[in-house]
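Peer 1: Okay, handing you the structure first.
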Amino acid sequence: MNTDQPLFILCPGRSFSSVVCMAIGQHPQLYGLPEIYLGIVDTLNEWFALAKKPGRKHMHQGLLRVIAQLHHSAQTEEAVLEARAWLQQRCEWSTTKLYHYLADRIAPRQLVDKSPTMGKQQNLERLHAVFPNAYFLHLTRHPRSTGNSFFRVKSAKAALKGYPDPDRLAAMIEKHWVQIHQQILQFTDHLPEGQAMRLQGEDLLETPDRYFRQIAEWLNLRTDSAAIGAMMHPEHSPYAHIGPSNAPHGNNRGFLEQPELKVGRPSFVSLTGPMEWSREGQDFAPATLRLARQLGYQ
Amino acid sequence: MTFSSNIHFRAIPLGFLATPGEHRIQNAVFFKKRLYVGVISHPVDATTTSIARLLRYYPGAERWEAVYEAVVEKSSVLSATRPFPLELGWRALSIMPIDGGTEALCATLLSLRNAQLIYSTDGEHFEALPAVDVKQPRAAPFGLLHPFQSWLFATPVGAMSDGLYMRENGHASLYVTRNPRTGDWQPANAPGFGNPGNEVVHGLIDFHGWLYAAVGNPFAGFQLWRTQAVGPPPFTWELALDTGARRYTLNPSVASMAIFQDALYLGTGVPETELLSDEVAGAEIIRIFPDNRWELVMGKPRFSPIGLQVPLSANSPGFDDSQNTLVAALASSNDVLYAAVVQRSQREITGFQIRQTVDGENWQQLHSPAFLNPCAYSLRVLLAMPNFLLAGGVWKFEATTPDPEPSLWCFS
């Protein structure tokens, strides 16, 4: 791998990406990042503006923890404060410059980034523009499991904060799954063969060593037992636990609380039958069924 | 790696077909040193009858004659009342043992009401087998034919080709008999091999003592089943490959199969006799070994339960062209494997090519001026012999086409 070949994990939310990113990032030649949200903006100024909107404070925490860890080898409250100051002093930097700064800091290892791209083609194109030779892993999960997980998390937040409307949320879930996967397929279809690969999260969780080895082979990395064995321990990542009070998260909270890899096939779910989160008991739409089957789901 | 080469394909003119219309060469086989070709002709003039012909060629004398002719119903007439993807005409042309081992030329002739199996032991005189009751409404085991372990396997026509009957009857079915003349056909498998998504058996081939059935499944990707046909039917079948070799619905069917250098090669794509779904992708070639291990020869790189699959040919789907959606035919001789690759979209066929390989991995495209004939519409049939390759397909002529010269192509 050359120095400019990070691995980006692309998927909708609730697709096992936290544990998968941290696990892959434990390969001795890789470095797994929490959610740093650099792929959705062009400059650090814009990145700072992200967290000004309500409910978006979490979007800063991942990058703050990364800078603290890289500069101070620790994620204390002081280190996080210094990381914020360091970033503010460079608020004119482009995100491209910061991405390459991070890549240089962890070299010769390669970055593994799962930051959400919000299902926007321009964000995917931005990542590609920053690292034209990057690898892209399209990670999938059954739409029913994704939807159930998404609804559980979002409806809990909605109950707390009074938004969004539960019916609107329910209608959004299926659309969200379809749109993001379609965006990813549209983007990866135009990449040279081999630059993007697709993987069912369920397959990976069932036999992780088998697929970690294939991922390493695809990325031209070591495939020895020690390297693959390291990938079985996402909990060894410096970002696999609750952080200091001024940057506690930066990743899926469930993962931060229980970061171990839970090996085993997730429970079987079917495309047939009403969506649990639909008050009218609607089935999946034909477009969802078509896409889900194309991705290997039944 | 892909190479290309200019090859001289000799045209074997087919004077029978030089009339305005569409002429589909559907299958070809050698029997008693003569070449037999099944053709259906749909004249431009809608009032003129379509004809299915069985033509015979004398290689030495370079002469053709029609040995069997039948009027067939026209799909264009039927489509006025309901969708009818079945292309009426010849389904299969095979050499089979009949009556305790006598070799016969067997042909299955499709039409809406009366699927027929005709056979001849001398290539001159044909007899039709009587209709049989296999407990499926209006379906008879007169589709694809394949002899294996003293059994004759067949697909029922309804399940094989007629989109409506596929759904009504449900599921890919196979039947067997010791002797088709007795009419004693029995089910050879559980309906759909136990999977309601398995709609069609597209191909049968024997390899390493097993009979393999390629089964189309538009909901999950093709499946490949195999049996040794031990004991009484229905037989025990083993799943050799499924989920379209992990490409799922983008590999809904296997359109062609051939054995080459101790591996079974599968060419993917939806056969021309069936309607295409919305998702059409570049075709792939996959090879499978007797232990069910498989390798991607040409296609999309992917992860799989048996390891990372990277195309051995270094060619992406459709030999690097996603418009090449169908490997319509695969044929092997002693030393060479050939593939007929067709550009098929929902609306039309826009081109075709022939490729060859001597090692299964490095493919060479064969170019010929003969392929540039604007009336040569598609490629369907490859017949590989040790010293030559025969290729045939679909020809289309308008009434205004000057000097139409439909032909088979021969490369020796």
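Peer 1: Within segment B:275-284, how many residues turn out to be under 17 Å from B:Thr243 (Cβ atoms) and either more than 12 Å from chain A (Cβ to nearest Cβ) or surrounded by fewer than 17 Cβ atoms within 10 Å (Cβ to Cβ) (or both)? Even if it seems obvious, please write down each step before you answer.
Peer 2: Within segment B:275-284, the subset under 17 Å from B:Thr243 (Cβ atoms) is B:277, B:279, B:281, B:283-284.
Cutting the leftovers down to either more than 12 Å from chain A (Cβ to nearest Cβ) or surrounded by fewer than 17 Cβ atoms within 10 Å (Cβ to Cβ) (or both) gives us B:277, B:279, B:283-284.
Residues flagged as under 17 Å from B:Thr243 (Cβ atoms) and either more than 12 Å from chain A (Cβ to nearest Cβ) or surrounded by fewer than 17 Cβ atoms within 10 Å (Cβ to Cβ) (or both) within segment B:275-284 amount to 4.
Peer 1: Starting from segment B:61-72, keep only residues that are under 14 Å from B:Ser120 (Cα atoms) and touching a residue at least 12 places away in the same chain (Cβ under 8 Å), then list their pairs with residues that are assigned to a loop (DSSP other than H, G, I, E, B) and among the charged types (D, E, K, R) whose Cβ atoms are within a distance under 7 Å, requiring at least 6 positions of separation or different chains.
Peer 2: B:Val67/B:Glu124
Peer 1: Return the pairs, sorted by first residue and then second, in which the second residue is among the charged types (D, E, K, R) and open to solvent by 20 Å² or more (accessible area, probe 1.4 Å), the first residue lies in segment B:217-233 and is free of Cβ contacts under 8 Å to residues at least 24 places away in the same chain, the beta carbons are less than 6 Å apart, and the residues are 6+ apart or on different chains.
Peer 2: B:Arg226/B:Glu238
Peer 1: Suppose we keep only residues that are in contact (Cβ under 8 Å) with a residue 60 or more places away in the chain and open to solvent by less than 80 Å² (accessible area, probe 1.4 Å) within segment B:342-352. Which one would you say is nearest to B:Leu366 (Cα to Cα)? Working first, answer last.
Peer 2: Here is the first cut: in segment B:342-352, the ones in contact (Cβ under 8 Å) with a residue 60 or more places away in the chain are B:342, B:344-346, B:349.
Subset that is open to solvent by less than 80 Å² (accessible area, probe 1.4 Å): B:342, B:344-345, B:349.
On the way: B:Val342: 14, B:Arg344: 19, B:Ser345: 23, B:Ile349: 19 Å.
The qualifying residue nearest to B:Leu366 (Cα to Cα) is B:Val342.
Peer 1: Would you please name the residue that is farthest from the other protein chains (Cβ to nearest Cβ), looking only at residues in segment A:199-236 that are in a loop (DSSP other than H, G, I, E, B) and farther than 17 Å from A:Pro6 by Cα? Talk me through it step by step, then tell me what you get.
Peer 2: Step one: of segment A:199-236, the residues in a loop (DSSP other than H, G, I, E, B) are A:207, A:219-224, A:232-233.
Filter once more, so that each one left must be farther than 17 Å from A:Pro6 by Cα: A:207, A:223-224, A:232-233.
Numbers: A:Thr207: 8, A:Thr223: 10, A:Asp224: 16, A:Met232: 17, A:His233: 21 Å.
It comes out as A:His233.
Peer 1: Another question, if that's okay. Would you say A:Leu169 is open to solvent by less than 10 Å² (accessible area, probe 1.4 Å), among the hydrophobic types (A, V, I, L, M, F, W, C), within 30 Å of A:Arg56 (Cα to Cα) and out of contact with any strand residue (DSSP E or B) (no Cβ under 7 Å at 6 or more places or on another chain)? Write out each step before concluding.
Peer 2: On the way: open to solvent by less than 10 Å² (accessible area, probe 1.4 Å): yes; among the hydrophobic types (A, V, I, L, M, F, W, C): yes; within 30 Å of A:Arg56 (Cα to Cα): yes; out of contact with any strand residue (DSSP E or B) (no Cβ under 7 Å at 6 or more places or on another chain): yes.
Yes.
Peer 1: Turning to a different aspect of this structure: Only residues that are among the hydrophobic types (A, V, I, L, M, F, W, C) and in a loop (DSSP other than H, G, I, E, B): list them for segment B:204-236, please.
Peer 2: Answer for segment B:204-236, where residues must be among the hydrophobic types (A, V, I, L, M, F, W, C) and in a loop (DSSP other than H, G, I, E, B): B:Phe219, B:Ala220, B:Phe222, B:Ala229, B:Val230, B:Phe235.
Peer 1: Oh, and also: State which residue is farthest from A:Pro6 (Cα to Cα) when the search covers only segment A:89-102 and only residues that are in a helix (DSSP H, G or I) and open to solvent by 10 Å² or more (accessible area, probe 1.4 Å).
Peer 2: First, pick out the residues of segment A:89-102 that are in a helix (DSSP H, G or I): A:89, A:95-102.
Applying the additional criterion that residues be open to solvent by 10 Å² or more (accessible area, probe 1.4 Å) yields A:89, A:96-97, A:100-101.
Numbers: A:Gln89: 26, A:Thr96: 13, A:Lys97: 14, A:His100: 10, A:Tyr101: 13 Å.
Applying the filter and picking the extreme gives A:Gln89.
Peer 1: Look through B:Leu296, B:Leu366 and report the one residue that is part of a strand (DSSP E or B), within 14 Å of chain A (Cβ to nearest Cβ) and open to solvent by less than 10 Å² (accessible area, probe 1.4 Å). Can you show your working first?
Peer 2: Values: B:Leu366 fails: within 14 Å of chain A (Cβ to nearest Cβ).
None of the others qualify; the one that does is B:Leu296.
Peer 1: When segment B:326-341 is examined, which residues are found to be of a type outside the set (Val, Ile, Thr), over 14 Å from B:Leu383 (Cβ atoms) and surrounded by 24 or more Cβ atoms within 10 Å (Cβ to Cβ)?
Peer 2: B:Leu326
Peer 1: For the subset of segment B:209-262 comprising residues that are within 19 Å of B:Arg287 (Cα to Cα) and among the aromatic types (Phe, Trp, Tyr), which member is nearest to the other protein chains (Cβ to nearest Cβ)?
Peer 2: Among those that are within 19 Å of B:Arg287 (Cα to Cα) and among the aromatic types (Phe, Trp, Tyr), it is B:Tyr248.
Peer 1: From B:Ser316, B:Ser322, B:Ser304, grab the single residue that is in contact with a helix residue (DSSP H, G or I) (Cβ under 7 Å, 6 or more places away or on another chain), surrounded by fewer than 20 Cβ atoms within 10 Å (Cβ to Cβ) and within 14 Å of chain A (Cβ to nearest Cβ).
Peer 2: Values: B:Ser316 fails: in contact with a helix residue (DSSP H, G or I) (Cβ under 7 Å, 6 or more places away or on another chain); B:Ser322 fails: in contact with a helix residue (DSSP H, G or I) (Cβ under 7 Å, 6 or more places away or on another chain).
None of the others qualify; the one that does is B:Ser304.
Peer 1: Right, next: Looking only at segment A:108-123, filter to residues that are at negative phi and surrounded by fewer than 22 Cβ atoms within 10 Å (Cβ to Cβ); which one of those is farthest from the chain's Cα centre (by Cα)? It would help to see each step written out before you state the result.
Peer 2: To start, the set of residues in segment A:108-123 that are at negative phi comprises A:108-117, A:120-123.
If we keep only those that are surrounded by fewer than 22 Cβ atoms within 10 Å (Cβ to Cβ) too, we end up with A:108-109, A:116, A:120-123.
Working: A:Pro108: 22, A:Arg109: 19, A:Pro116: 6, A:Lys120: 14, A:Gln121: 16, A:Gln122: 17, A:Asn123: 13 Å.
Once the filter is applied, the top-ranked residue is A:Pro108.
Peer 1: Of everything in segment A:240-284, what is within 14 Å of chain B (Cβ to nearest Cβ), over 23 Å from A:Phe212 (Cβ atoms) and open to solvent by 20 Å² or more (accessible area, probe 1.4 Å)? Give them in sequence order. Can you show your working first?
Peer 2: So the first thing to find is which residues in segment A:240-284 are within 14 Å of chain B (Cβ to nearest Cβ), and the list is A:265, A:270-272, A:284.
Then keep just the ones that are over 23 Å from A:Phe212 (Cβ atoms); that gives A:270-272, A:284.
A:Ser270, A:Thr272 - these are the residues of segment A:240-284 that are within 14 Å of chain B (Cβ to nearest Cβ), over 23 Å from A:Phe212 (Cβ atoms) and open to solvent by 20 Å² or more (accessible area, probe 1.4 Å).
Peer 1: Return a yes/no flag: does segment B:342-349 have any residue that is over 30 Å from A:Pro208 (Cβ atoms) and at pLDDT 95 or above. Full working, then the answer.
Peer 2: First, the residues of segment B:342-349 that are over 30 Å from A:Pro208 (Cβ atoms): B:342-349.
Add one more test, that the residue is at pLDDT 95 or above, and what stays is B:342.
Scanning segment B:342-349 turns up at least one residue that is over 30 Å from A:Pro208 (Cβ atoms) and at pLDDT 95 or above.
Peer 1: Could you say which residue among A:Tyr37, A:Tyr31 is part of a loop (DSSP other than H, G, I, E, B), modelled with pLDDT of 95 or more, of a type in the set (Ser, Thr, Tyr) and open to solvent by less than 40 Å² (accessible area, probe 1.4 Å)? Show your work before the answer.
Peer 2: On the way: A:Tyr31 fails: part of a loop (DSSP other than H, G, I, E, B).
After applying the criteria, what remains is A:Tyr37.
The values are calculated or read from the model by the stated rules, or taken from the named source; none is laboratory data. All of these numbers come straight from a predicted model, not from anything done at the bench. In this analysis, Cβ positions are derived from the backbone assuming ideal geometry, glycine residues included, and neighbour counts consider all displayed protein chains. SASA here: full protein model, heavy atoms, side chains in, ligands and nucleic acids out. Shrake-Rupley method; radii C 1.70, N 1.55, O 1.52, S 1.80 Å.
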